[in-house]
Ligand code: IMP
Ligand code: MG
């Protein structure tokens with residue numbers, strides 16, 4: 001069985017989340033922001049990020065979307081499904097769209113388009129991890145925690161077949 005091998009420690013993640021929150025709080029100050037998380041992978045990052053945003057004085061509303069682009073074997077299928085949409089009215093609002101990782105870029109691109117279609121005035125994108133080598137769609141998140149190599153990673157919300165999400169660090173899976 002594949003064993004998780006540490007790639008990014010809890011401490012490094014916490015420092016990064018803090019610095020992202022500081023920058024985001026200053027950019028978003030004064031705007032009426034809705035934090036939109038993409039389930040399920042973003043939950044751990046999102047819950048840490050929103051508490052750091054609160055620490056830096058940014059108050060926001062929180063909503064979620066479920067977008068599916070991956071089949072059960074973890075391969076991007078190329079087609080995107082909106083399984084669950086946001087419920088808060090986006091009209092004229094600023095959305096802070098948060099995901100765990102940007103891979104081909106399809107998920108973030110589709111979610112961003114959906115939020116603009118629903119009337120958001122501005123969508124700011126933020127991902128903890130970015131794998132630019134795998135990009136299929138020309139999209140660059142506005143805020144990125146770590147740029148990583150083309151390796152499959154788990155932990156801190158990210159899964160392999162629904163396992164490993166609860167690891168407090170980011171790991172690669174090695175045979
Ligand atoms: P994209 O649409 O190809 O950019 O895929 C983004 C989604 O795929 C993310 O929201 C993750 O849920 C998932 N994903 C991409 N790469 C990984 C990985 O290395 N580990 C776990 N999940 C991943
Ligand atoms: Mg995901």
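The values are calculated or read from the model by the stated rules, or taken from the named source; none is laboratory data. Small disclaimer: the values here were computed from a predicted structure and weren't measured. Neighbour counts are summed over all protein chains in view; Cβ atoms, including those assigned to glycine, are modelled from backbone coordinates with ideal geometry.
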**Report entry** Filtered residue count, segment 24-52, keeping only those that are away from ligand 1 (no atom under 16 Å from the Cβ), touching a residue at least 24 places away in the same chain (Cβ under 8 Å) and outside any strand (DSSP E or B)
**Finding:** 10
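Quick one: would you say residue 115 is within 8 Å of ligand 1 (Cβ to nearest atom) and surrounded by 21 or more Cβ atoms within 10 Å (Cβ to Cβ)?
Numbers: within 8 Å of ligand 1 (Cβ to nearest atom): no; surrounded by 21 or more Cβ atoms within 10 Å (Cβ to Cβ): yes.
So residue 115 fails the test.
Could you identify the single residue in 107, 125 that is within 11 Å of ligand 1 (Cβ to nearest atom) and within 27 Å of residue 22 (Cβ to Cβ)?
Working: 125 fails: within 11 Å of ligand 1 (Cβ to nearest atom).
Exactly one residue qualifies, and that residue is 107.
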Query raised in the report: Just for segment 149-174: of the residues that are within 15 Å of ligand 2 (Cβ to nearest atom) and in a loop (DSSP other than H, G, I, E, B), which one is farthest from residue 112 (Cα to Cα)?
Result: 164
Report task. Collect the residues in segment 92-104 that are away from ligand 2 (no atom under 12 Å from the Cβ) and surrounded by fewer than 24 Cβ atoms within 10 Å (Cβ to Cβ), keeping them in residue-number order. Result -> 92, 93, 94
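Right, residue 167: in contact (Cβ under 8 Å) with a residue 60 or more places away in the chain, touching a strand residue (DSSP E or B) at 6+ places or on another chain (Cβ under 6 Å), over 19 Å from residue 66 (Cβ atoms) and surrounded by 15 or more Cβ atoms within 10 Å (Cβ to Cβ) or not? If you could, list the steps in order and put the result at the bottom.
Working: in contact (Cβ under 8 Å) with a residue 60 or more places away in the chain: yes; touching a strand residue (DSSP E or B) at 6+ places or on another chain (Cβ under 6 Å): yes; over 19 Å from residue 66 (Cβ atoms): yes; surrounded by 15 or more Cβ atoms within 10 Å (Cβ to Cβ): yes.
In short, yes.
Which ones in segment 133-148 are within 24 Å of residue 11 (Cα to Cα) and either outside any loop (DSSP other than H, G, I, E, B) or more than 13 Å from the chain's Cα centre (by Cα) (or both)? So that I can check it myself, show each step before the final result.
The first filter runs over segment 133-148 and keeps only residues within 24 Å of residue 11 (Cα to Cα), leaving 141-148.
Answer for segment 133-148, where residues must be within 24 Å of residue 11 (Cα to Cα) and either outside any loop (DSSP other than H, G, I, E, B) or more than 13 Å from the chain's Cα centre (by Cα) (or both): 143, 144, 145, 146, 147, 148.
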Query raised in the report: In segment 128-169, which residues are touching a helix residue (DSSP H, G or I) at 6+ places or on another chain (Cβ under 7 Å) and within 28 Å of residue 28 (Cα to Cα)?
Result: 128, 137, 139, 141, 143, 145, 146, 147, 156, 157, 168, 169
Query raised in the report: Out of curiosity, is residue 37 away from ligand 2 (no atom under 11 Å from the Cβ) and within 20 Å of residue 142 (Cβ to Cβ)?
Result: no
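A quick yes/no check of all residues on (1) within 12 Å of ligand 2 (Cβ to nearest atom); (2) within 23 Å of residue 147 (Cα to Cα); (3) in contact with a strand residue (DSSP E or B) (Cβ under 6 Å, 6 or more places away or on another chain); (4) modelled with pLDDT of 95 or more:
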{"residue": "18", "(1), (2), (3), (4)": "no, yes, no, yes"}
{"residue": "48", "(1), (2), (3), (4)": "no, yes, no, yes"}
{"residue": "63", "(1), (2), (3), (4)": "no, no, yes, yes"}
{"residue": "66", "(1), (2), (3), (4)": "yes, no, yes, yes"}
